[in-house]
Amino acid sequence: MTVSKNDAAERVQAFVIPHSHMDVGWVYTVQESMHAYASNVYSSVVEELSRVKNRKFIAVEQEFFRLWWVNVATDWHKKQVKQLLHEGRLEFIIGGQVMHDEAVTDVDDAILQLTEGHGFLYETFGVRPRFGWHVDPFGASATTPVLFALAGFDAHLISRIDYDLKDDMQKNKKLQFVWRGSPSLKEKQEIFTHTMDQFSYCTPSHISFSNRSGFYWNGVALFPDPPKDGIYPNMSLPVTKETVELYAQTMVDNIKQRAQWFRTSHVLWPWGCDKQFFNASVQFMNMDVLMNYINAHSDKYGVAVQYATLQDYFQTLHQTNLSWDVQHHDGITGTESPKVADMYMEHLMQGMMGAEELLAAIFLLPQSLELSNDIHHPPEYRPTTVKTDSGNDVVEQHIIVYNPLAWNISTYINISVAYAMAVVLDDEGKAVPAQIQQSMESTTVYDLFFVVELGGLQYRKYIVQFPQSHCDTWSACGATHVARVVKFEKKNVNQWKRKGRKLLPVLNECYKLMFDQETNLLHSITDRQVLFHVTDCHSYVQWKILIKFLT
């Protein structure tokens, strides 16, 4: 898609997005950050937005905002927040507790933290965030845009991707695209994506006429305590008659530089960075003067500026009616060097090929029920080739068990079967200890439990066979115990003191447990090795004795 020939002559419209990037735990703890600067961000921003009607701000990490709302905000602050949200001058972005990592975070955790944040915002304000702002995760996963699209987001922002890729996207004006993160969902869950340019989510922090903090007039946050006099390190020179032209030219040059990398004359100019706006008064006081000056000389500069939220920017972009390239990024790499990116690609390809071969080998196993005639042979004489024989048939089912953990495990699994007897054989043809019993949920289904032992990241194949005739205990059937099911009914409290208790024993070679069938409580535990006996196990005192003994 080519850009209009008149683009170069068009006036650039810069959408100045005030924000503060607040890591929820990086160098400092959440508590340290709240004390040093985060509380002041929201208090001072709300106060300054309430003072001047054209000021705006986006709030990203909900963890800090919620702590401020619950523990710091006054009734006046809370009233003003609701009014600012109603006016569209305060906007919640992402809405999750944090800006979640995209490399190692489990998708369930990503959904949970997003759900918790969205729940708080909806219950408190009746609002739902509409935009992503993943400007700091190291690398962009295709899962996140799919998740955000499913959450109803209208657009998504990313920043930290491979340097060469970003440089190429800038040169070819491909920083904005429609992202289809899921090859199966495709256009059903696509999302418009804006990639931050090489300046990322910050504005230039160093300018030629000042060695301080650029457009950050409140300076740098101070830990562990805010300065009592309000003077922070590296506070930039204020905007005065002497400096306003220098600031204006620097800001205009940066806006025009960024405009060259996008297809429209609308530039998203993030005004903020790490730990900013803890003194929103000095921030807005200086930026107001600077923006008014630029707009007063807009013909000279060819640039107009305005405070904005992401809603303002993306709505204006949408009204251009441009069509956008669709990118099927299965994975956008992180901030590593080119040679490391090549290494990642090589490892990923090797892993994908190995996984495909493994899956092919696994799923080539017969998955349907088959007939076999070998159930009556002892395991050591069991034929290695399954044959069908109508004379003495047995139904056979194949089970694949996988250990996703990196360490060895020994556990049991439970499957529902339709037969009253079953034999479980491992991949070496040996009988596996198992137990089968009538299901508590249905009279036509049985619960089969059997022990599995797996190494880290290992899978094993098990064969479950269901004999259709009598099975001798000397055969593989001897490894399966047919259990008796005892149903416990709820008992009234007034029946607890009934005498003549009916006790049900459950025992192994180490312990004997006695359950009271009248109360369904554990009555006693006996150590069969040392003959230690504890009764009335529901008593608090006896539990303390029992715990001390068992540990």
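The values are calculated or read from the model by the stated rules, or taken from the named source; none is laboratory data. In this text, all values refer to a predicted model and were calculated from it rather than measured experimentally. Side chains are part of the model used for accessible areas, which takes the heavy atoms of the whole protein and leaves out ligands, DNA and RNA. Shrake-Rupley method; radii C 1.70, N 1.55, O 1.52, S 1.80 Å.
A few notes on this one:
- Applied to region 110-115, the Karplus parametrisation 6.51 cos²θ - 1.76 cosθ + 1.60 on θ = phi - 60° returns per-residue 3J(HN,Hα) values of 4, 5, 4, 5, 5, 5 Hz, with x for Gly and Pro.
- Rounded to the nearest 10 square angstrom, residue 502 shows an accessible area of 120 square angstrom against a 1.4 Å probe.
- Region 16-59 - percent of accessible surface contributed by carbon and sulfur, probe 1.4 Å: 51 percent
- Amide hydrogen proximity for residue 237: with H placed 1.01 Å from N in the peptide plane, the residues at 5 or more positions away or on another chain lying under 5 Å are 213.
- Gap separating the Cα centres of region 72-107 and region 221-291, nearest whole Å: 22 Å
- Using the Karplus relation 6.51 cos²θ - 1.76 cosθ + 1.60 with θ = phi - 60°, the per-residue 3J(HN,Hα) values for region 55-60 come to 7, 9, 6, 10, 10, 10 Hz, with x marking Gly and Pro.
- Amide H contacts of residue 452 (H built 1.01 Å from N, in plane; Pro and chain starts excluded): 411, 412, 413 sit under 5 Å, all sequence-distant by 5 or more or on other chains.
- Links that overshoot a 27 Å alpha carbon limit, given the list 174/256; 188/275; 173/339; 430/487; 79/275; 56/241: 188/275; 430/487
- Annotation: amide H of residue 92 within the under-5 Å range of 59, sequence separation 5 or more or interchain, hydrogens built in the peptide plane.
- 3J(HN,Hα) from dihedral phi, region 162-174, Karplus parametrisation 6.51/-1.76/1.60, rounded to Hz, x for glycine, proline: 3, 4, 5, 5, 5, 4, 5, 5, 5, 4, 9, 6, 10
- Between residue 26 and residue 442, the contour length at 0.36 nm per residue exceeds the Cα-Cα span by 144.5 nm.
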